Every structure is written in C-alpha cells, then in structure tokens.
Amino acid sequence: MVPIARRNLLAEKGRLAMSVCGVAFAVLLVLIVLSLYRGWSGIGRVITRLPGDVWVTQPGTNNLFRSSSFLPAGREGDLQAVAGVQLAMPVYSREMGYQRDGADYNVLFMAFDAPAATASGLPQETRYRYFPAPGEIDVDSVFADKAGIRTGDVMDVLGQSLRVAHVTKGGNAVLAQSAFINGADARTIFGTAGMVNFYLITTQPGADAAAVQHQLAGVIPNSEVHASAAFSEALSRDVSEGFLPVVGVLVGIGIVVGGAVVALTTYTATIEKSRDFGVLKALGASSAYLYRIVITQSVIVGALGSLLGVAASAISTAVIARSIPEFITDLRWIDVTIIFLATLAMAIAASYVPVRRINGIDPAMVFRA
Amino acid sequence: MNATHPVLIVQDVTKVFGAARTQVRAVDGVSFDAAGGEIVLIMGPSGSGKTTLLTMLGGLLRPTSGRVVIDGLDLGAMRPAELPRVRRNHVGFVFQSFNLLESLSAQENVEVALNVAGVGGAAARDRARDLLIQAGLEGRLGFRARDLSGGEKQRVSIARALANRPQLLLADEPTANLDSRNGHEVMQLLHDLAKREGRTVVVVSHDTRLQDIADRILWLEDGRLRDHAPDAPEERGATL
C-alpha cells in the first residue's frame, strides 16, 4: 500500500517536528510527574530498612516522622524476655532543623541504643549504617550532598560535635533525611533522661510476628505495638494521598495538551489535503480507506511524540536525580507502557474531528479547476 | 464502433439546483448511449452543463430525474454507499487539472487507484509500472507529481484512470492545460484506448481538436442537447 499518511506528514516536515515535540512535552510532563509520584510513594521503605520489624510506641503514634512518642526508659529487658524477640532496643528520634553555612536542613536524628556487645551480633551492614560509635554520626547521602558534608567532617548538633563516620544511601524521605547517632549522644543532645521515644524489636527468624506483637502489647503499660510495614505504609500513604490529586490534574493536563496537539496537526493536514481526499473519494476509496489514512497520521504523530517523550523523560529523571537529589524519581516500564498506549488511544480519538471533516468532502469538487 | 452493447446509457437525465425562484436546470433531459470502443465528445460553451453531466455519469452526483446505467448497473437504483465500488471498478476519470496527489511519485499515484480497489503489494507496483511505461513515462516512475510537466501529469492521470481496467473513461477537458504537442499525445492516447482496447471514452471539452478522434459529437447548450453545432465561432472552441 502506498503510505499516503506518512507522505502527507513528511510534506510539511517543520509542522511534523513541532507536533511531535508538542506531544513529547506532554508525555514528558506526565511521565516526570508519575515518576516523582512513584518515587515519593515509596518513601516508606526508609522505615522498613531500619534494624527491626516491630515498634512499641506511646498510644496514638501513627507516623514516625510526625508523631511524638514518649515511653519510660529501661524497659528493653522486659521486651527482650518475650518469646520470639531477638533484640529490643530503645530508640531516640527527633526531626529538627540543622543549620550549616547559613542554610537550614530538615534532618531526622535517630539513635538505636543497643549495647555494643549486642549490636556486634547484627550484620556488618546494619552496624555500619545504624550504630555509630560515641561522638560519630552516619548521615544520608542526599542530606550530605545538599549540605556539602563529607566523611570526616564535624557537625555541630545542638552544641555537640559529631564526626561524620559514614555517608550512606536509603535515608531520604523527601521532606527530611535521616542521620544516625550513638544512643549516649542522643540522650545528651535530646535531654530525654528517663524517657525514650520508641522501642524497636527484632523478632527471631521464623517467629510468628503476629503472636510476638500480641505478647509485646501488654509489656509496657499505656503503649501500642506496630509492625514496621504498617508505619511504612502509613508514611507512603500520607505522601501519596497528598500528592495524588496534583498528579491527577497534571496527568489530565498532559493528556489534553497532547490530544489537542495531535488533533490540530491531523486536522490541519486533512484540511490542506482536502482536494486529495476528494480525488480519492472520486476514485472510489471507501470511507474505511480514508479514515485509515487520517488515523495513521494521528498515530504516527502520537507514537513519535511518545517515543521522544519517553527518551526525554529518562534523561530528565537522571538529571533531576543528580541535580535535586531529594526528589526521588522512579520511572517504571509499566508507566511508560501505559502512557505510550494512552497516547496512541488519544491520537486515535483525536482523529474524530478530521474524520468528520472527510465525511463532508464532496468528491465532485475534483471537477472544479 | 461497436453499437451492439451500450456500456453507457443516459436516459432523460435532468439536474436541478436550488428551489423556487433560484432554481437552475443545469442539465435538462439529456439522453444518449455509448458503446464499447466509442469516443463521444460533448462540447458546449461554459456553463452549458457539461461538467455537471459528467459528474452524474461518474456517480459523483445524483440526477434529479432520469437514469444513468454503466455496464448494466443502474446508478439511480444503488445506495450511495455502493457508488464508490462502481467508480473503483467501472469508471476511470481524467481531469483537466490532473488531480494527482502531489506528495506521491508518478508510480504511487497509479498504485493508489489499485490500493483503493483492494490491490496492493507487488501486483499493484507491477501494474502501475506497466501502465506508466505504456504511457511513455518509464524514466519518470519515481518522480514526485509536482516535478512532472503538464503533459506527463496528464499521462499519469490517464494511467491512473486505467489502473482498474474500467470499461468507461470520463475525461473532463483533458487537453485544456496542455500545449499543442502534449495535447496531441493525450488525444492519441485516448484514441488508442478506445480503438485498441475497446473502452468507451466520454470527453467533455471546448477543444475542437478533439473532434478529430471523436466518433460522435454531442452539443450541449443550457443543459440541453442540440442537434448540430452552433455557428458562432466562439462556441467552436476558444482554446484553438
């Protein structure tokens, strides 16, 4: 078959290029927003990475970052005695501002107060990341990049000088990044004598998690027990629910803009080629044959725009990750596939007006000179 | 001329545009028929209804009354959706302004007519190529339509009209935009098609040179057929 649709588009290369770019920008907008959404909605992993799987908190605590929790200190032994518990640690945690070189940073300072001997039984990666020695601090790499902090630097945290021992990944929660300090330092810095914020429990391998949680519930009066996964989901849900309406609006705008670009291009190309369509009608072309030309034009513009938009999105997310590290992006193939198919569907829908236009072309026009 | 089997039958065809005081009878009670291998030349002044008549013969416009029958198919008895099939398989058009698709090559312009009829691939390419070679355009197969001369365009247009082997060829002022040499070549091509291949050719034109190849000349004035040519010199053909 003669590729009339392709020839029609290539007859105006400048317009084709602009149309493809228009669709690409719409796809770029949608994919960037979706990748940010995906990245942000996964920030709950910050919690599940911590060295424990059950939290004991003051009642009403539903978010490790936003809720305050105070429990009596020294109860880790009681918790440790529960069957199925491998390790119970006091946790000190406080999100607060940290100033460096005139700039403010939101940092979640945390300390897991396990005796060195106990901590030494944990995997090396866990000890390395979460259990700094007294006078040391391990910071998240995103925070370190933003604040220009390197290993060996000294940070002043509320009057306490702490040497940066490690810069690690995985502690970025977008609005705040985590830093881990020693339990003794935390007690001094936070001034929480006789109190801890949480207890973090590591269950024994193979233990019935639900049964362990149930038994933990009664150990400390006036406390609650939460699985790490529940805290993680709560944090992710907070971000998702706040972000989702914005994502919806921006995705909607992207689809409308992309659809308008395709519709305008195809309509203009159809108007310009009205006589050609009249000739084809006079030659006996069926409606299906003519519609196929128009729809193919739309699909070509949509497909080229999508591919360009996907490529631009991949590059943009890489650039964003490098230049704005706290903006977690997660460009997924499933999103790319869905947006690609949605763009093609939108392109086909955008053919509706030009198709109607073709229906109105009188083939007898070909006899007019 | 083979008068035994009329390929085209036109019976009392009338076309009225508008209504009441603005009513215009563009074609008024025209009747004739044309057999296979016959060349019928319809002449008349501008506004006489020639092109309107041709449009109705090609199934592009419905007569207000009367019958048009092509290859035994009564166009008036057919649903509008069936008329494209008649145009694809039974009628070939040659236009004054060629009406080639400018973004396509000469060969593709002919192929398109075959594609429209459901013929594609190598079969369409080979047929288009053969027709253009027969039309003397062997060296122009890949040329874009916009890069061809007027005479070449008209030969491509004729090749396209013949692509689906129609029995009836309708030509609207086929020599009007051509110089003398190209006009003569197109006339010769139409003559060969009728006489060698037995196709019926109906030509609408001002060009009196076409009288040389016509088997029959019909004179149309104010939408009606006249018995003989008008005497006024300007009506003999301003293009001469």
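The values are calculated or read from the model by the stated rules, or taken from the named source; none is laboratory data. None of these values were measured; they are calculated from a predicted model. Backbone-built Cβ (ideal geometry, glycine too); neighbour counts: all protein chains shown.
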Just give me the residues in the range A:274-307 being buried (at least 24 other Cβ atoms within 10 Å of the Cβ), within 8 Å of chain B (Cβ to nearest Cβ), more than 18 Å from A:Met1 (Cα to Cα) and not aliphatic (A, V, I, L, M), in sequence order. none
Taking B:Leu53, is it more than 10 Å from chain A (Cβ to nearest Cβ) and buried (at least 18 other Cβ atoms within 10 Å of the Cβ)? yes
Quick count over the range A:141-156, residues being in a strand (DSSP E or B) and either touching a helix residue (DSSP H, G or I) at 6+ places or on another chain (Cβ under 9 Å) or more than 22 Å from A:Asp101 (Cβ to Cβ) (or both), is 1
Going through the range B:148-158 one residue at a time, which ones are hydrophobic (A, V, I, L, M, F, W, C) and either within 13 Å of another protein chain (Cβ to nearest Cβ) or in a loop (DSSP other than H, G, I, E, B) (or both)? B:Leu148, B:Val156
From the list A:Pro51, A:Pro90, A:Pro59, which one is crowded, with 23+ Cβ neighbours inside 10 Å and either part of a strand (DSSP E or B) or away from chain B (no Cβ under 14 Å) (or both)? A:Pro90
Filter result for A:Gly170 (small (Gly, Ala, Ser), surrounded by fewer than 17 Cβ atoms within 10 Å (Cβ to Cβ), modelled with pLDDT under 90 and under 28 Å from the mean Cα position of the chain (by Cα)): yes
Test for A:Gly39: is it in the same structural domain as A:Val319 (by TED's automatic domain parsing) and either at pLDDT below 90 or surrounded by fewer than 19 Cβ atoms within 10 Å (Cβ to Cβ) (or both): yes
Residues being within 13 Å of chain A (Cβ to nearest Cβ) and closer than 14 Å to B:Pro6 by Cα - total across the range B:58-72: 1
Scan the range B:85-102 residue by residue and report those that are at the interface with another protein chain (Cβ under 7 Å from one of its Cβ atoms), surrounded by fewer than 22 Cβ atoms within 10 Å (Cβ to Cβ) and assigned to a loop (DSSP other than H, G, I, E, B). B:Ser97
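Among the residues of the range A:322-369, write down those that are small (Gly, Ala, Ser), touching a Ser or Thr at 6+ places or on another chain (Cβ under 6 Å) and in a helix (DSSP H, G or I). Reasoning before the result, please.
So in the range A:322-369, the residues small (Gly, Ala, Ser) come out as A:323, A:342, A:345, A:347, A:349-351, A:360, A:364, A:369.
Checking the rest, the ones that are also touching a Ser or Thr at 6+ places or on another chain (Cβ under 6 Å) come to A:347, A:350-351, A:364, A:369.
Passing the criteria: A:Ala347, A:Ala350, A:Ala364.
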Considering every residue within the range A:312-326, establish whether at least one is among the charged types (D, E, K, R) and within 14 Å of chain B (Cβ to nearest Cβ). no
